[in-house]
Every structure is written in C-alpha cells, then in structure tokens.
Amino acid sequence: MADLLTKDNPVFSGYVFWSLILMLKMLCLYFLTVRQRFRKKVFISPEDLFFVRGGGGEVRNDDDDVERVRRAHRNDLENIPLFLVAGLFYVLTDPSPDVALNLFRVYAVARILHTLVYAVYPVRQPVRAILFFVGLIVTLVIVLLSLVTFHHV
Amino acid sequence: MADLLTKDNPVFSGYVFWSLILMLKMLCLYFLTVRQRFRKKVFISPEDLFFVRGGGGEVRNDDDDVERVRRAHRNDLENIPLFLVAGLFYVLTDPSPDVALNLFRVYAVARILHTLVYAVYPVRQPVRAILFFVGLIVTLVIVLLSLVTFHHV
Amino acid sequence: MADLLTKDNPVFSGYVFWSLILMLKMLCLYFLTVRQRFRKKVFISPEDLFFVRGGGGEVRNDDDDVERVRRAHRNDLENIPLFLVAGLFYVLTDPSPDVALNLFRVYAVARILHTLVYAVYPVRQPVRAILFFVGLIVTLVIVLLSLVTFHHV
C-alpha cells in the first residue's frame, strides 16, 4: 500500500499536483489581503500603521473589501486542509485513477472559482453557494469512499 | 517504516478511521451554520441576501446563535488539523496499538462532545473546558511521543 | 519513493522534527490565550463567565491583548498547515538534504519569532512583516520545487 505514494502512481501524482495548485491559490490570498489593506489603508494591528508614512491609516476590522478577502481565506481554511488530508487517505485506498483524478480536478476548479467570485470579482448568488457545495460534496465523497476501506474502531 | 501506512497496520487503520469520523463531524458544522443563518436570516456577505426572497435578511456578525457555531468551527480548525498531522507522525513511530488506539478514541470522543456542548446543546462550564483540555493533552502526548523518535536538527 | 518516509532519511526526520516543534509552538498559543482571558476577564461565550467566581467578567471580542494572541493564532492557521502538507510532498521529491533541512530550519525559526513579536512581546514593524514574508517565501519555494516533480494533470 505504501508504494502508492510515488510519482509513478497517477492517482498520487494527480493528488499532489492539484494540492500544490490549491496551495498556490491560498498563497495568492495573502497578496490580495496585503493589496487591499494598503489600498484602503486599513490595518489589523496598531504597529502596522508604520507602513503608512503619510498618516491616514486606521486599525479596523470592518472594511468590506479587506474582510471579503479574509472571509474567502477563512472559507479556504475550513475546506482545503480537510481535502488535503482526506485526499491522502483516499489515495491509500488505491482507487480507480479515472474516478480519483476527476474528483481532484472538480474540487480544485470549484475552489479556484470560489475564490474568484468571492474575493476578486464578486458575482451574484447562488454562484458562490453552488461552488462551495461542489467542493463540499467532493470532500464528502472522498471521506466516505475512504471509510469503506478504513472501517476500524 | 513506510509499510506502516497500510490498512493491515491496526494503528494506521484506527488513525485513518477516527480522522475520517472527525472530518465528517467538521463537515456537519457547515450544515449547522447554514441552518442557523437561514433560521435567523443573518448572513456574512451582502450578496447572500439573495437567499431571503421575502426580504428581512441582514448582514451581521454578532448573532449569538450563528457565531456560536462559528466559534465551535474555529476551535476545530485550531485543533483537528494539528491532530491529523501529528497522528500520522505518531503512526510512523510504530507505537503500541493499545496505547495508540486508545489515544485516538479519547481524542475523537472528546472533540465530538466538544462540538455538541458548544454548538448544538450548550451546557454550563466547565464541561466544554474539560473536553477542550482532554483533546489538547492527547495532542500534546502524541507530539511528545513522536519527538522521542524524531529528535533531529 | 515510499521508503523516504523513515527516520533514517535525514530530510524526513528533519521535516518531522521541525513540524513537531511548530506544533508545540501552536499549542503554546492556547495557554497564552487562556492566560490573557483570565488576566483581563474577557471571555468568548456567555457560559464562560462561570470561571470568574467573583463576577466582573465580560463577553467581548475587542480586547487588544486577547485579540492580539488570537490574530497570531489565526496567522499560524493560515500558514503552518500549508507548510506541514507541502513539506511532506517536498520530502517525497527526495531533495538534497542540505537544501531541504535549511529551508525547514529557516521556516521554523521565522514562525517562532513571528509569534514572539506578535503575541508575546510586540515590537515595531517591519519586523513582523519581514518574518511573515520569510515564512511565505520558504513555503512558496517548497511548493514550486515540489511542482517540478509532480507536474501532472
């Protein structure tokens, strides 16, 4: 089972590839937060006012442009780490490559679009809700398929 | 050491099983949040008011019923991902199955009860505090037992 | 590739060691939060006022000493789980031990100092910003180096 964790296993390789893409996406959210904070001059801690040399900066946590990026980020934190761990367990059940790779692709695309419609270019609901539930359902499927193999108390 | 990551290893199998149960528990918190948001008509982003056709919805982050579920969720985020990773390291130290499986069981039961008394049916303290510390101490034990094997700089 | 996950592999062993140190650091943040909450008598949920026998406790989320620790904690949650998973993928690319171990060391030291200057002993910016970006850049390097091996769709 352990030799499943090699790049010659397309399921593992695909899982790692899409996980890395999702990590890059999450790292982008930092730069988006920093950009919004400097654009709006709204910071999270008093010492950060150092960065606004000319003054005029504020410490607030109610600026919608900044908080929108932070909400997208928190949503990622609630979802993507679960996928990363559940995906590894799922790889260890030695699933069909076709099924597994398509689940990973759907999840990654749904989460990337979720971030875009939440933090970059907000569109009307229910777009974000649908993308969120697509990600949630893929995670649920991966968890349940893994439970079939690892049913042990 | 790598052939420890198979379902024939009861420690790994038990670790994966309880991890998957905890993930299912975390996924339930989304449905709980959504249920409270629709019951109280309190949403997180302006575009979400779309869902309240008849009007009367609000964008607030101070509704106690909604925030209570979100606090339980954040507490999970602060705890369970650490357990998931530390548990995997601990499995790779090839521990005694009796000790390891009981640690996993105690952790999972404490975290499930923690969510119940926080987000579903609040009871008086110190119940939640005790459940929180049981989870924290199991994590600490797992981390320290892993450090005994992996002491390397 | 799977026999890379053993304590005889210095890269894996170093990765696990520094990951465990970072987990211990994160666990310390709970005790720091609890200490600040009891010092300031500021709690997160109404039932927690049970702990202030003499009365005088408040439910607030705007106390700067408490929120500062919580911001440091959230920053950890946004960063360290990503490092833990990306680090494992990077170990599986069988990197040069010298490069890998130094990346892990730099990351761990930057994050420990980040917590100190954020939550324990605040110092003026840009100290915290620099430490944050050191951690971010190490994560980015690890993710990109892993992508070189796992480029698969």
Could you list, in sequence order, all residues of segment A:69-101 that are surrounded by fewer than 17 Cβ atoms within 10 Å (Cβ to Cβ) and either hydrophobic (A, V, I, L, M, F, W, C) or at pLDDT 95 or above (or both)?
A:VAL99
Run down B:TYR121, B:TYR90, B:TYR107 and say which single residue is of a type in the set (Ser, Thr, Tyr) and free of Cβ contacts under 8 Å to residues at least 40 places away in the same chain.
B:TYR121
Among the numbered conditions (1) under 17 Å from A:PHE89 (Cα atoms); (2) of a type in the set (A, V, I, L, M, F, W, C); (3) in contact with a Phe, Trp or Tyr (Cβ under 9 Å, 6 or more places away or on another chain), tell me where B:VAL85 comes up short.
(3)
Would you check if B:VAL99 is touching a Leu at 6+ places or on another chain (Cβ under 6 Å), of a type outside the set (S, T, N, Q), more than 7 Å from every other protein chain (Cβ to nearest Cβ) and closer than 30 Å to C:ASN9 by Cβ?
no
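Given the options B:ARG128, B:ARG105, name the one that is within 17 Å of the chain's Cα centre (by Cα), part of a helix (DSSP H, G or I), closer than 19 Å to B:LEU24 by Cβ and at the interface with another protein chain (Cβ under 10 Å from one of its Cβ atoms).
B:ARG105
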Quick check on segment B:142-153: of everything there that is in contact with a Phe, Trp or Tyr (Cβ under 9 Å, 6 or more places away or on another chain) and at pLDDT 90 or above, which residue is surrounded by the most Cβ atoms within 10 Å (Cβ to Cβ)?
B:ILE142
Of the residues B:PHE12, B:PHE31, only one is closer than 20 Å to A:VAL85 by Cα and not small (Gly, Ala, Ser); which?
B:PHE12
Which residues, taken from segment A:131-153, are at the interface with another protein chain (Cβ under 7 Å from one of its Cβ atoms), free of Cβ contacts under 8 Å to residues at least 12 places away in the same chain and outside any loop (DSSP other than H, G, I, E, B)?
A:LEU140, A:LEU147
Does B:PHE43 count as over 22 Å from the mean Cα position of the chain (by Cα) and aromatic (Phe, Trp, Tyr)?
yes
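Filter segment B:45-63 down to residues that are loosely packed, with under 14 Cβ neighbours inside 10 Å and more than 20 Å from A:VAL117 (Cβ to Cβ) and give me whichever is modelled with the highest pLDDT.
That would be B:GLU58.
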C:VAL123 fails exactly one of the following numbered conditions: (1) farther than 28 Å from B:GLY87 by Cα; (2) in a helix (DSSP H, G or I). What is the number of that condition?
(2)
Condition first: more than 30 Å from B:LEU101 (Cβ to Cβ), surrounded by fewer than 19 Cβ atoms within 10 Å (Cβ to Cβ) and facing another protein chain (nearest Cβ under 10 Å). Can you find one or more residues in segment B:34-44 that meet it?
yes
Can you tell which of B:TYR15, B:TYR30 is within 7 Å of another protein chain (Cβ to nearest Cβ), of a type in the set (Phe, Trp, Tyr) and part of a helix (DSSP H, G or I)?
B:TYR30
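The values are calculated or read from the model by the stated rules, or taken from the named source; none is laboratory data. For clarity, every value in this text was computed on a predicted model and none was experimentally measured. For neighbour counting, all protein chains shown are included, and Cβ atoms are generated from backbone atoms with ideal geometry for every residue, glycine included.
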